Amino acid sequence: MLLCIDIGNTNLVFGLWYENKWQGNWRVRTVHEKMSDEYAILFKSLLADRGFSLGDVSRIAIASVVPRLKTIFANLFEQYVGIEPLILGPGVKTGMSIRIDNPSELGADLVADAVAAYNRVQGACIIVDFCTATTFSAVSSKGEFLGVAIAPGIEVASDALSTRTAQLPSVRLVPPSRAIGTNTVHSMQSGLIFGYIGLVERMICCIREELDEKAIVVATGGSSSIIAPLTEMIDVIDQQLTLNGLRLISERNA
């Protein structure tokens, strides 16, 4: 039984793979200050709710963009399961050539996303990951990771408006009926939602031009449900993309 874990700045996503399918997957808030024992309680509780236990796990694969939690989780699983997890990073076989200036700088989640997306479409692709940051990763038809563009996530942009201004409130991230807002809430929703769609579509166009080949656009991440349905430029939505990438990488390193 394989446990795959994606440790992000905002969310912790993990899934249990057994008998060729996901037996369960969970999304919880990342708490940077939690200790390994506290996270152990969380895992035990959520797995037990589906009829499993940590003792059922035989392999573990982790992608983390939070350095402190890499150590916390490594200690957790060595202590409670007696397993050294596969932590995605330099030296791990991914099956994908990384064609950027400094591969060690590349986020582990982006590598997992790219591996899963290329495995799914079997061709050139652009992966848009809507998380704390929104990232646009380019993969060639040969399966090479060519590079990435990084923008603030839509929730980060929304938080910045309300926290760095005196009179703008927090708003729900839903599209208003019109682009021209006639009150503060609708004006902010228009700028955030429609403006963000413009950002996403423009980035996709730029990357497609540079790839110079037809590329399938694959979206993932917690905020993809907000933006992806509002544009025709996204071909696939896969909320388990990172976990599937970790699963594939784990199999290649078994």
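None of the figures in this text is laboratory data; all of them are computed from the coordinates on show. In this text the structure is predicted, and so the values were computed from the model without any measurement. Using ideal geometry, Cβ is built from the backbone for each residue, glycine included, and neighbour counts are taken over all protein chains shown.
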Problem - Estimated distance in nm for a label pair at Met1 and Val174, the labels positioned 7 Å out from Cα along Cα-to-Cβ - result: 3.9 nm
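Semi-axes of the stretch 28-182's equivalent ellipsoid from the Cα gyration tensor, sqrt of 5 times each eigenvalue, largest first, rounded to whole Å?
Working: eigenvalues 199, 135, 46 Å².
Over the Cα atoms of the stretch 28-182, the semi-axes work out to 32, 26, 15 Å.
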Completion exercise
For Leu12, other-chain or 5+-apart residues with amide H closer than 5 Å (H placed, Pro excluded) are Val28, Arg29, Thr30
Fill in the blank from the handout: Residues whose built amide H sits under 5 Å from the amide H of Val217, excluding neighbours closer than 5 in sequence, are Ile126, Asp235, Val236
Exercise for the section: Give the cross-link partners of Lys44 among the lysines, using a straight C-alpha distance below 17 Å as the criterion and excluding same-chain residues fewer than 8 apart. Expected result: Lys34
Handout entry: Spin-label pair Ser45/Asp159, simplified geometry with 7 Å Cα→Cβ offset, distance in nm
Key = 2.2 nm
Problem - Candidate lysines for bridging to Lys214, where Cα separation is under 24 Å - those fewer than 8 sequence places away on the same chain excluded - result: Lys142
Exercise for the section: Treat each spin label as a single point 7 Å out from the Cα along the C-beta direction, and report the Glu213 to Leu230 distance in nm. Expected result: 3.3 nm
